[in-house]
Each structure stands twice: as structure tokens, then as C-alpha cells.
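Just below is one structure, and these are the notes that go with it.
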Amino acid sequence: MFVGRKQELDSLEQCFRDKRAKIVTVYGRRRIGKSYLIEHFVRGKKCLRFEGLESQKTPTQIKYFVHDLAKQLGDDVLAHAEFDHWENVFEYLTDFMSHTNEKWIIFFDEFQWLAANQGRLVSLLKKYWDQSWSKQKVLIILCGSVSSYMVKNVIKSKAMYGRIDLEICLTQLSPREAFLLAKSKRSAYEIFRYLLLIGAVPKYLTLIDARYSLEQNINKLCFTKNGYFVGEYEKIFYSQFRDYRTYEQIVGFLQDRPRSIKEISEHLKIPSGGGLLGYLNNLEKALFVTCYTSYEKGYESKNKRYKLTDEFLCLYFKFIKPNLKIIKASSNKTLFSLLVKNKWNPWLGFAFENFCLKNAIILAEKMGFADQVINYGPYFKQGDERFQIDLLFIRADKTITLCELKYHDEQISTVVIKEVEKKCALISIPRGYTLEKALISQCGPDEHLARAEYFHHFVSVEDWFS
């Protein structure tokens, strides 16, 4: 079942309909649905698709590329031909393009593997684009996981500068799209908890077995030795990042709380300049890490904090990694209950805060002021790690919206008012601004809190999925 991605599909369709040749790059974390998006887009269109092979060198990549090309074109002569270099392959493609009157899509999937993580294929692509392909009826799609290779050699490549017409960084589904994908499986509240735990990653949502409860599914996927998520962490880092140990060290350091560049630099003993920023930027592009500044500061503020926000990675570091040895060694089918159940509900509160921060703009849409948002994020004071407000919006209409995030299985009572008043007294409100208050919770306010008219906005689970 395909849901969402309307904006991406519209942009791709616009490129395809253009009479000029175009180059598109599509990238994102593993399991996010990049290939599935392009497969959906190319239906009914003339398309040649080629997929790179993990950990294979250039001769093997060329061999299978030519095999796939011959199969798709039905060319028996090509099937028995031997190509030693990418130039031979590109010459064949050039000749093919020059003899067709129809527009074709050439889809390079897992491009970083096709290139064997070297820059030569990109240089050749530039050469053939400049000399011939840019004058043909063709749409080139370069697709790959966010990696140091894709960022350096494709997205930010000097060779490709000015030649990429559309860049798509594929993110998770919206909460509503995730609900549409999974609603036939379980209740809205249970699906919401899945989003807190594993995120709105399409592949992950397909793993939900509707025959079992959330606890049963999580036990099977995370706490059995052959569980899908037990080995997922290694697949994400080892195949996605060449210098994976440094990336591991960074996300491991960010697992418990947001950190400044200075803190990360001192912990890893890496200078806080371009090298460390390169790692952090790649983690941001993969949507594993998010950078926040306090609401009244600009993005370039030295008051930045980096936070681990990928739901699966948060789950992994909290519960799977500390128990990995026993998970891999045990045949016990109830490890979830034995190892983590008592710690589960408090941690869901943390996961809920993370979910709200990641989906802050959607929250603003639900509350009716998304078009007014100038900045948003946690509110924290430099030098005072104890004081933090989970989420504030600063708006162009001279309004600041303070969001109180509460994860409870029951409706929220008027007790919360006293807590919020304390926070309101400790933040600085610019002159001429109005302070609004919003309650973001699982089950909404109880009758007494709703009647108190203290909060300007309420958002609950039903609102996320509406």
C-alpha cells in the first residue's frame, strides 16, 4: 500500500513533463521508502532501473549493470557483451538515448554502491551530461542512502554543481499518513505508541503483526535473538557510513540528553571545526540527529544543542543495547517483561516529547498558526541545564506559544496549571508579545481543565491522525 509523498510525486512529475533533460537526487535514511517512491512514480513511464550491489567493486557493478540493461531492453547481443569500463556503458546509453523519440527515466538506485564509493562515476556522469545527455529526452534519478559519499560526491559535489534540478531528502511519513498505512492493524492509540517507539518509517510499520498486541510485537522484534530490530542498528551504521565508529560515538553520546558542539568535541576529542560539523551535518541529513537553538536565538547561535531524535535509535540505546548480550543468548520469549517493562511507561514520556519536537510544524498546523512560525524548539538557558521548556513557538504575529507536553493514559487535570505557571514565570517574553499556552497530551484535558479556559490550544491523539 502506497500512502503520502504527494509533494515529492508532484515535483518528480513536473520534472518529467519538462521538455528539457533533468537530474534529480533522492536521498534519506535506510528503510524510509526511497526506492518505493521512485517505483511508484515511474509506473506507466519508460524507465531503465539499475541497482548497486553492496560491498562490490566496479567490475562486478558494471557486469550486473549491463546484465540488467540487456534484460530490460531485450537485447540478446548486449547480454553477451563484456564492458570493462563505465565509459563503454555510458557510450551505449548515449547511443540508445539518441535513437529514441520518447522520454526515458534512467534510475540509478543505491548510487553510492554503483560508484563503489568512489568519485569517478560522478565525474563521468558530469562529462556525459555536459556532452550529450543534457540535450536528450531523459530524466536521470540518482538515489541513495544518506552517507558521507552521497553528501560529498553527489549532493555537495563540485562536479554536479548547477546540474541537479531537484533534490529530495525523503523524511518519515506524517502521523496521519502513518495512521493510514497502519490503521487496519490496531487501534489509533496503539498505532500512536508505535510511532513513539519506531517512528513513521514505512518499512518499520509494515513489521507490525495485527494478530499481536504492541507488547507482543515489541518483544518479538526487539527482544528475541532473531528479532528484526536486534540487528538493524548495525545495518544502519555499517552500510551507511564509512567511518561508522565516529558516527556511533556521536549518537551514543547524544542518547541521554541534548549536547552542545563544545561538549561533543571534548567527549570525542575531535576539533569543533569542519570535521565534527561534517559528521553532525550527515547525521542531520539522515534525520538521526536534530539541531535546536533556544527559541529567541537564530540558527547560527552558539547556543545550539544537538539531540538524538531517531525513534528507533533512541529505543535501541535505551533498551536493546544494554541487554544485547542476553537477547542474543537467551531463548526466553518474555524478555520484554523481564528486562524493561517496569521502565517502559516513564520512557514513553521522553519518547512523546521527542515525537512532538520532530513534528512541531504539524503541531502548529493543528493549532492554526503554521504560517506564522518564525522559530521553534526547546527553551533552555545557557549555563542552567536544569531548566528547560519542551517546546516554544515564536510567531510573526507577536505571539509566543508555550507547549506543555504530557504523556498519560488518562485525561489531564487542573494540577497541570500550577506546573505551567512556574514555567511561564521563568521565561523572558519580548515587549509587545502575547504568551499563549497549549497542552499536548495523549488523551486531552478532563472536564474541569477544559472549563478552566487556561490553555489556548489542546492537541490529543485523535488530532494527530485527523
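The values are calculated or read from the model by the stated rules, or taken from the named source; none is laboratory data. Just so we're clear, the structure is a prediction, and the values are computed from it rather than from any experiment. Note that each Cβ is placed from the backbone with ideal geometry, even for glycine, and that neighbours are counted across all protein chains shown.
Considering only residues that are in contact with a Leu (Cβ under 8 Å, 6 or more places away or on another chain) and charged (D, E, K, R), look in segment 177-225 and name the one that is modelled with the lowest pLDDT.
Here the residue is 186.
Outside any loop (DSSP other than H, G, I, E, B) and without any contact (Cβ under 8 Å) to a residue 24 or more places away in the chain, is that true of residue 235? Walk me through it before giving the result.
Numbers: outside any loop (DSSP other than H, G, I, E, B): yes; without any contact (Cβ under 8 Å) to a residue 24 or more places away in the chain: no.
No, not satisfied.
Which one of these does residue 298 not meet: (1) closer than 24 Å to residue 349 by Cβ; (2) at pLDDT below 85; (3) not charged (D, E, K, R)?
The number of the failed condition is (1).
So which residues in segment 146-169 are surrounded by fewer than 19 Cβ atoms within 10 Å (Cβ to Cβ), in contact (Cβ under 8 Å) with a residue 24 or more places away in the chain and either outside the structural domain of residue 21 (by TED's automatic domain parsing) or not in a helix (DSSP H, G or I) (or both)?
159, 163, 164, 165, 166, 167, 169
So which strands (runs of 3 or more DSSP E) stay within segment 16-131 end to end and still have 3 or more residues that are surrounded by fewer than 19 Cβ atoms within 10 Å (Cβ to Cβ) and not aliphatic (A, V, I, L, M)?
Working: elements: 22-28, 46-51, 104-109.
Because the criterion is at least 3 residues that are surrounded by fewer than 19 Cβ atoms within 10 Å (Cβ to Cβ) and not aliphatic (A, V, I, L, M), the strands (runs of 3 or more DSSP E) in segment 16-131 that meet it are 46-51.
Return only the number of the condition from (1) modelled with pLDDT under 85; (2) over 28 Å from residue 389 (Cβ atoms) that residue 303 does not satisfy.
(2)
In this structure, is residue 328 touching a Pro at 6+ places or on another chain (Cβ under 6 Å) and either outside any loop (DSSP other than H, G, I, E, B) or modelled with pLDDT of 85 or more (or both)?
Numbers: touching a Pro at 6+ places or on another chain (Cβ under 6 Å): no; either outside any loop (DSSP other than H, G, I, E, B) or modelled with pLDDT of 85 or more (or both): yes.
Here the answer is no, as residue 328 does not meet what is asked.
Quick one: count up the residues across segment 428-466 that are within 21 Å of residue 360 (Cβ to Cβ), surrounded by fewer than 17 Cβ atoms within 10 Å (Cβ to Cβ) and among the aliphatic types (A, V, I, L, M).
Summing the residues that are within 21 Å of residue 360 (Cβ to Cβ), surrounded by fewer than 17 Cβ atoms within 10 Å (Cβ to Cβ) and among the aliphatic types (A, V, I, L, M) in segment 428-466 gives 2.
Which residues, taken from segment 335-385, are among the polar types (S, T, N, Q) and either in a loop (DSSP other than H, G, I, E, B) or surrounded by 15 or more Cβ atoms within 10 Å (Cβ to Cβ) (or both)?
354, 359, 372, 375, 382
Would you mind stating whether residue 142 is at pLDDT 95 or above and within 18 Å of residue 27 (Cβ to Cβ)?
Working: at pLDDT 95 or above: yes; within 18 Å of residue 27 (Cβ to Cβ): yes.
The answer is yes for residue 142.
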